[in-house]
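Down below is the structure, laid out as structure tokens.
The values are calculated or read from the model by the stated rules, or taken from the named source; none is laboratory data. What you are looking at is a predicted structure, and each value in this text was computed from that prediction instead of being measured. Here Cβ is always computed from backbone atoms with ideal geometry, including for glycine, and neighbour counts include all displayed protein chains. When the accessible area is computed, the model is the full protein with side chains, heavy atoms only, and any ligands, DNA or RNA have been set aside. Shrake-Rupley method; radii C 1.70, N 1.55, O 1.52, S 1.80 Å.
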Amino acid sequence: SGTPNNNIDFSETELTSGKKQQNMIKWTDVNYSSFPDLNYKILKEPVKRIIAAPSFLQYQYQNTFLIFTRNTINRFVLEGSASGWAASSSSLIEEKKQYGLLADRSLMRIGDAVFWLSEVGVVKWDSQWLNLISKNVVNVKIDKDSFAFYNSINNQYMLHDVDGTTYVYHIDRNMWTKYTGLKVESTGILTGGSDLDNINLVLNSNKIDKFPSE
């Protein structure tokens, strides 16, 4: 007596897991933290990235999230109440069936443009609409493991593939260069410092370098 769980037997535990809904987006009601069962939308493909629509896009993109899959770009329009978005056919709009996001880590917002690597090359999206900026200019490797970083000193979008090739888009001059030899696993921008310049810190094999270096 006085001992908890007397005469109780427990069977072997079984690990269960739910199905991964990689093509589903869910949302809460405003100022809530729970996800109501009906607050969801299903896309045709797994979701790769979601970003707020930049302000430089046209009027219909205001109060909108951009949802990227491998082959599509979708608009999620934040009009009306959150509870009504699921039933509204106008809340989720497939914007483009091409130029989707192939390499998740290639998507970057730089100034008044968004850049990413698609199945057919590098895309620039600005107020003048979508433009395939690498086509017939540079033979960019189409690789889902490629990633990009921004060189703020020279205003460059830099796309790096797993083979060690770096494709550099000079934003001010609208031109490309290509080189090998830069070993990088990930990068971050350091703001300020004694010279008051933004520099890239490059991680490679547990060593941190500055880019560009002397």
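Values computed for the structure shown
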read-out	value
Zero-based 5 Å bins, Cα pair distances in the stretch 1-90, whole percents	3, 10, 16, 18, 16, 8, 5, 4, 5, 5, 4, 3, 2, 1, 0
Listed residues S134, S89 arranged by accessible area, highest first, probe 1.4 Å	S89, S134
For the stretch 40-158, average projected area of the Cα convex hull in nm²	7.9 nm²
Which of T180, T64 is most accessible, then next, and so on - probe 1.4 Å	T180, T64
Listed pairs K97/K178; K26/K48; K48/K210 exceeding 24 Å between Cα atoms	K97/K178; K48/K210
Cα-projected label distance for E119 with E14, points at 7 Å along beta-carbon direction, nm	4.0 nm
Dmax and Rg, reported as Rg then Dmax, of the stretch 94-149 (C-alpha, Å)	10.6, 29
Qualifying trypsin sites (Lys or Arg not before Pro) in the stretch 136-179, DSSP loop, other Cβ atoms within 10 Å at most 11	R173
14 Å cut-off, amide nitrogen to a point 7 angstrom out along Q60 Cα→Cβ, residues in the stretch 82-96	90-96
Most to least packed among 164-172, 23-31, 101-109 [average Cβ atoms within 10 Å]	101-109, 164-172, 23-31
